[in-house]
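The values are calculated or read from the model by the stated rules, or taken from the named source; none is laboratory data. These figures come from a predicted structure and were not determined experimentally. All Cβ positions, glycine included, derive from the backbone under ideal geometry; neighbour counts span all protein chains shown.
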Amino acid sequence: MAAFQPEFSALPPEIAVFPLPGALLLPHGRLPLNIFEPRYLAMTQDSLANGRMFGMIQPRPGEPRGPNGPGLYRTGCLGRLSSFAETEDGRLLITLTGMIRFRVAEELPLHRGYRRVRADYAGFEADLGELASPSGLDRPTLLAALRSFFKARSIEANWEAVEQTSDATLVLTLAMICPFEVPEKQALLEAATAEARAAMLVALLEMGAHGGGDLPAGQRPS
């Protein structure tokens, strides 16, 4: 288990959540955030004073709006505030390190303007272990798909650094940073295994390089 990571039994049952479309946090990943809205400044300050954790979750496209804001996907990722800095204009620049996925068991009343949920971590215990490497990954196919995707999107890359990155870290990093659509990001989050996430990543890169398309029904987020 990583340093500063709590035991499964000590995970907080109630957490603040930051609904942000297109922002994917995965266990072991690191997500930089620029916090400036008053409600999220309050959320970050409260998190710093109480366990240094909050959850990232995506609003769900087409979901009816509720009393607390846009409808949410049911699965998010709990993160730990691993670094933060204040700016002269009152913003907080933070890094959130992914810990474990959760399902929303219940949404709670707003607190200081930000949203909170009762989190269910059942079934995600393995997220607290070491970062899993996807066995059987066809790395040449992944890299070929990545090159085509980046070329189609006019994205520059340090290919020497990419080549030197381990399979596990490469899949994790690409899943988080590639500019996929919200449902595609959610599908990557909900992937059951490292192998499933890697296969889905290759499929998304190949589709994105050739004008997009829909994920197969079995790979769409719930």
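Under the condition of being of a type outside the set (Phe, Trp, Tyr), within 17 Å of ARG52 (Cα to Cα) and in contact (Cβ under 8 Å) with a residue 60 or more places away in the chain, the residues counted in segment 10-25 number 8.
Do we have any residue at all in segment 130-144 that's of a type in the set (Ser, Thr, Tyr), surrounded by fewer than 20 Cβ atoms within 10 Å (Cβ to Cβ) and within 18 Å of the chain's Cα centre (by Cα)? Looking through segment 130-144, at least one residue is of a type in the set (Ser, Thr, Tyr), surrounded by fewer than 20 Cβ atoms within 10 Å (Cβ to Cβ) and within 18 Å of the chain's Cα centre (by Cα). The single condition among (1) within 18 Å of SER47 (Cα to Cα); (2) touching a residue at least 12 places away in the same chain (Cβ under 8 Å) that ASP120 does not meet is (1). A single entry from LEU78, LEU93, LEU108 fulfils the requirement of being in contact (Cβ under 8 Å) with a residue 24 or more places away in the chain, in contact with a strand residue (DSSP E or B) (Cβ under 7 Å, 6 or more places away or on another chain) and crowded, with 18+ Cβ neighbours inside 10 Å: LEU78.
Please state which of the following conditions MET99 fails to meet, knowing it meets all the rest: (1) at pLDDT 95 or above; (2) hydrophobic (A, V, I, L, M, F, W, C); (3) surrounded by fewer than 20 Cβ atoms within 10 Å (Cβ to Cβ). Single failed check for MET99: (3). Within segment 116-138, the residues that satisfy the criterion of being in contact with a Leu (Cβ under 8 Å, 6 or more places away or on another chain) and not hydrophobic (A, V, I, L, M, F, W, C) are ARG116, ARG118, TYR121. If you filter segment 125-173 down to residues that are among the hydroxyl-bearing types (Ser, Thr, Tyr) and part of a helix (DSSP H, G or I), you find that the one that is farthest from ALA191 (Cα to Cα) is SER148.
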